[in-house]
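Take a look at the structure set out below.
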Amino acid sequence: MVTPEVRFLAAEKIPTLLKRLGERYRVFAPVKVSETTVLFQEYREGVQIVLDRQTTAPAKEIIFPQTERLLSYTYRKDPEDPQKIELQVEEAPQSAPRTIIFGARPCDARGFRVFDSVFTAGPYEDPYYSSRRQQTTIVTIFCTQPQNTCFCTSVGTGPTDTEGSDLVLTPITEGYLAEAITEKGKELLQDEAFVSAQERVEEAQRAKEGIKLESELDLEGIPQRLMELFSTDFWERVSAKCISCGACTYLCPTCYCFNITDEAAGLEGERVRTWDSCMFYQYTLEASGHNPRPTKAERYRNRVGHKFSYHPINYEGMIGCCGCGRCIKSCPVSLDIRQVLREAKAYG
Amino acid sequence: MASIPNPYLPQIGTVVKVIQETSNIKSLQVVLNDQERMNSFRFEPGQVAQLSVFGVGEATFVINSPPTRTEHLQFSVMRAGEVTARIHQLKEGDPIGVRGPLGNWFPYEEMKGKDILFIGGGIGMAPLRTLLLFMLDNRSDYGKITLLYGARTPDDLCYKEELQQWGQRDDMELILTVDREFPGWEKKVGLVPNVLRELAPSPKDKVAITCGPPIMIRFTLQALAELGFGDEQVVTTLERRMKCGVGLCGRCNIGTKYVCADGPVFTLAQLKELPPEL
Ligand code: SF4
Ligand code: SF4
Ligand code: FES
């Protein structure tokens, strides 16, 4: 018998489902950690799962951790010849455990698609990211209540976008309609928590149709437009408030820039990669002291330019922003990237 | 799962020779420990590699020995930061990490049959050395070869022994200059762009390849334009702070281009396509 690709998942069954899945996978779900904060955490019995709002931080670090070891090394003195030093270098394992991200949003999935275009498409592939990505199943919830900072529909995704997800859930009465998008998604539907959907399919259809988020930004021609503005004072003006804190990049599902540093402990140590941010002065600072992006104007120009100009030019039109609005919500000086793009269109 | 080649994993090599070029520049000759890998190490003139001193980190250097001479890989390192300071402490027999070859290379195919004008300043001689030796090893493919090389002082010129040899060859011309008069210095005195103006080479059937400190490049490009060199006839290399070296970490972009993966070699025509963020 072929497993149907559409099933019903009762809300009350979710804890037992996650517990069972936890026996075979690492399972991450949005967990309430304070009155105002919901974060993806590894599921444990008894935590409070929150599925009706966007998480405070995106799912990115589950596949692209904030810090990870790439290599380890050991220097050894040759006992026969103390002048001679031997070096051994080992790669960190690239075998990831099977993982489920339960309760992602279409913008989370889109974030990973942006990462995929850089990390897995070649010519050089990132083996650490790739292995984790391959081993991860993304279960996405459609957004029945987009927030006023959400603008996913403006950047080519949307609250019911299935791309990049393996299984999608439409919120309906007492639970969710579950639809498998990929084989990995189908595999999950085999769990007994998923039952026949029957007449609920129609309700889900209506629910999906009821989800409305009008595109609010006209990004037509914006890649070229931003290039035209490159040498103008536009960037100085729009970035005047920025305090270069980097919050926008750390909470961004599509920001992937990283640093590579060595951590030594005596004769051995590790080479690690950590998230970095183009909003920091040090990011492009050269050993000579020269800095091609000395002020926040150039740095802000790079952040917006990378997402809305360079990335779409390099990757067949794919905008490097998923419209999640986190940079808008988290910016201490209320810089709104939507407003900057609108002004860019009108400038000059 | 099929294993993906790890772009972050350096090969382990051994420093076989250290040459003190100037007071703050050393050249290291390196062989990879794995003999087979050393034999099969293929690269093009102008490509770079990341050298690793584990515990401190990596930095990018052009492979300045040409692919036509395969007994070792040579890198010239100016002491400027933490990593380069550590590289300067390495001695013969010490291990070193090598990740490469990376990046693009000089368009030497398109230069065939043309006259070649190298214009170098200071440590900028390193990439030029690769291409010059490569061309000397394929001498009949190219027309007249001229090297104009300058530094602040006579001591700041790299590859002094080779400069002597090149000066004696009759199949190339060598012009050396230093910024001001020095006792015993009998060659030219003056900044590279000014000496270039004085030499006034004709742009006809010529390619100019220039590497050096940013300020020298800026004025050299000006001088070349004044002499009538077209943007397609001028080739240079860019430097940018790098980490991954393979277009993944996002660090080295100038607009849509990554200096590590799309560069470091650009024609002036290509440079002019990039947004001004040098
Ligand atoms: S730039 Fe802002 S809105 Fe776009 S993906 Fe990043 S955090 Fe979300
Ligand atoms: S969050 Fe706001 S203040 Fe902080 S770096 Fe981003 S734009 Fe600047
Ligand atoms: S050095 Fe990482 S992208 Fe160029």
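Post the alpha-carbon centroid distance, segment A:96-117 to segment A:131-153, in whole angstrom.
What the calculation gives is 7 Å, centre to centre.
Taking only DSSP H segments of four or more residues, each worth -39500 (n - 2.57), what value at 222 nm results for chain B once the sum is divided by all its residues, to the nearest 500 deg cm²/dmol? Don't skip to the answer; put the middle values down first.
Values: 8 runs with 67 residues, N = 278.
Value at 222 nm, helices only: -6500 deg cm²/dmol.
For the protein assembly as shown, what is the accessible area per residue in Å², given a 1.4 Å probe and the full set of protein chains? All intermediate terms of the calculation are to be shown ahead of the outcome.
Values: 27280 Å² over 626 residues.
Averaged over the residues of the protein assembly as shown, the accessible area is 44 Å².
Sort B:114, B:26 by accessible area with a 1.4 Å probe, largest first.
On the way: B:114 75, B:26 35 Å².
Largest accessible area first, the list is B:114, B:26.
Find the relative contact order for segment B:21-155 and round it to a whole percent, using C-alpha pairs within less than 8 Å whose residues are 6+ positions apart.
Details: 217 pairs, mean separation 37.8, N = 135.
Computed over segment B:21-155, the figure is 28 percent.
Compute the distance in nm between two label points, each set 7 Å from the Cα along the Cα-to-Cβ direction, one at residue B:269 and one at residue A:244.
The answer from the label model is 3.8 nm.
Which residues, if any, in segment A:239-278 lose at least 50 square angstrom of accessible heavy-atom surface (probe 1.4 Å) when the other protein chains sit next to their chain rather than the chain being alone?
Listed in order, they are A:258, A:260, A:262, A:271.
Residues of segment B:224-245 that become at least 40 Å² less accessible with every protein chain present than in their own chain isolated, using 1.4 Å: which are they?
Buried by 40 Å² or more upon assembly, which counts only protein chains, are B:240, B:241, B:243.
By how many nm would the segment from residue A:265 to residue A:231 grow when fully extended, if each residue of separation counts as 0.36 nm and the alpha-carbon distance is taken off? Display every interim value, and only then the final one.
Working: separation 34, 0.36 × 34 = 12.24 nm, distance 4.57 nm.
Full extension from residue A:265 to residue A:231 adds 7.7 nm.
Report, as an integer, the average count of C-beta atoms from other chains found within 10 Å of each Cβ along A:90-97.
Across A:90-97, the average partner-chain Cβ count within 10 Å equals 2.
Segment B:1-45: which residues show an accessible-area loss of 30 Å² or more, assembly versus chain alone, 1.4 Å probe?
Relative to the lone chain, where solvent access is computed with a 1.4 Å probe, segment B:1-45 loses at least 30 Å² at B:1, B:4, B:6, B:7, B:8, B:9, B:12.
Which whole-number percentage describes the relative contact order of segment A:6-346, with Cα contacts under 8 Å and a sequence gap of 6 or more? Kindly include the intermediate steps, with their values, before the conclusion.
Numbers: 611 pairs, mean separation 68.7, N = 341.
That works out to 20 percent.
Once you put a point 7 Å from the Cα of residue B:181 and another 7 Å from the Cα of residue B:198, both along the Cβ direction, what distance in nm separates them?
1.3 nm
What figure, in Å² to the nearest 10, do you get for the accessible area of residue B:149 with a 1.4 Å probe and non-protein molecules left out?
For residue B:149, solvent-accessible area is about 0 Å².
Ignoring any ligand, DNA or RNA, what whole percent of the accessible area of chain A comes from carbon and sulfur when the probe is 1.4 angstrom?
Details: 7560 of 15590 Å².
So the carbon and sulfur contribution to the accessible surface is 48 percent.
Compute for chains A and B the buried accessible surface, both sides summed, probe 1.4 Å, and express it in Å² to the nearest 100. Don't jump to the answer; show the numbers that get you there.
On the way: alone 17470 and 13750 Å², together 27280 Å².
Summing both chains' loss of accessible area gives about 3900 Å².
Which residue, A:60, A:13, A:208, tops the fluctuation ranking in a GNM of chain A built on C-alpha contacts under 10 Å?
Sorting by GNM fluctuation, first place goes to A:13.
Which whole number gives the average count of other chain Cβ atoms within 10 Å of the Cβ atoms across peptide A:283-293?
Details: counts 4, 6, 1, 6, 11, 7, 2, 6, 1, 9, 1.
Mean partner-chain Cβ count within 10 Å for A:283-293: 5.
Just read off the accessible area of residue B:16 with the full protein assembly in place, 1.4 Å probe, to the nearest 10 Å².
Estimated to the nearest 10 Å², residue B:16 gives 70 Å².
For every other residue with a beta carbon closer than 10 angstrom to the beta carbon of residue A:152, add +1 if it is Lys or Arg and -1 if Asp or Glu, then tell me the sum.
On the way: positive: A:105, A:110; negative: A:161.
Spelling it out: positives minus negatives among the neighbours equals +1.
Please identify the GluC sites (Glu not before Pro) of segment B:102-203 that satisfy two criteria: DSSP loop assignment and at most 15 other Cβ atoms within 10 Å. Which are they? List each step's numbers first, then the result.
Details: sites: B:109, B:110, B:161, B:162, B:173, B:181, B:186, B:198; in loops: B:109, B:110, B:181, B:186.
Here the GluC sites (Glu not before Pro) that fit, given the DSSP loop and packing criteria, are B:109, B:110, B:181, B:186.
For segment B:170-192 and segment B:126-140, compute the distance between their C-alpha centroids and round to whole Å.
Answer, in whole Å: 21.
Take every residue in peptide B:54-63, count the Cβ atoms of other chains within 10 Å of its Cβ, and give the average of those counts.
Details: counts 15, 12, 4, 5, 4, 1, 0, 0, 0, 0.
Average per residue, whole number: 4.
Residue A:316 to residue B:189: FRET efficiency via 1/(1 + (r/R0)^6), r the Cβ-Cβ distance, R0 56 Å, to the nearest 0.05?
That pair, residue A:316 with residue B:189, gives E of 0.55.
What does the helix-only formula give at 222 nm for chain A: each DSSP H stretch with n ≥ 4 adding -39500 (n - 2.57), the total divided by the residues, and the result rounded to the nearest 500 deg cm²/dmol? Don't skip to the answer; put the middle values down first.
Working: 13 runs with 97 residues, N = 348.
That comes out to -7000 deg cm²/dmol.
Would you mind calculating the relative contact order of chain B from Cα pairs under 8 angstrom and at least 6 residues apart, reporting the percent as a whole number? Please report the intermediate quantities before stating the final value.
Working: 549 pairs, mean separation 48.5, N = 278.
Relative contact order of chain B: 17 percent.
According to a simple spin-label model (label point 7 Å from Cα along Cα-to-Cβ), what is the distance in nm between residue B:144 and residue B:71?
3.4 nm
Sketch the reach of a paramagnetic label on residue B:35 as a point 7 Å from Cα along Cα-to-Cβ, and name the residues of segment A:66-88 whose backbone nitrogen lies under 12 Å away.
none
Starting from segment B:178-246, pick out the trypsin sites (Lys or Arg not before Pro) whose DSSP state is loop and whose Cβ has at most 12 other Cβ atoms within 10 Å.
On the way: sites: B:180, B:187, B:188, B:197, B:204, B:206, B:218, B:240, B:241, B:243; in loops: B:180, B:187, B:204, B:240, B:241, B:243.
The qualifying sites are B:180, B:204.
Using DSSP to define loop residues, name the GluC sites (Glu not before Pro) in segment B:4-83 whose beta-carbon has at most 16 other beta-carbon atoms within 10 Å.
On the way: sites: B:21, B:36, B:58, B:71, B:82; in loops: B:21, B:71.
Here the sparse-neighbourhood loop sites are B:71.
The values are calculated or read from the model by the stated rules, or taken from the named source; none is laboratory data. This is a predicted model, so every value here is computed, not measured. Positions of Cβ are backbone-derived with ideal geometry, glycine not excepted, and every protein chain shown enters the neighbour counts. Calculation scope for accessible area: heavy atoms of the full protein, side chains included, ligands and nucleic acids excluded. Shrake-Rupley method; radii C 1.70, N 1.55, O 1.52, S 1.80 Å.
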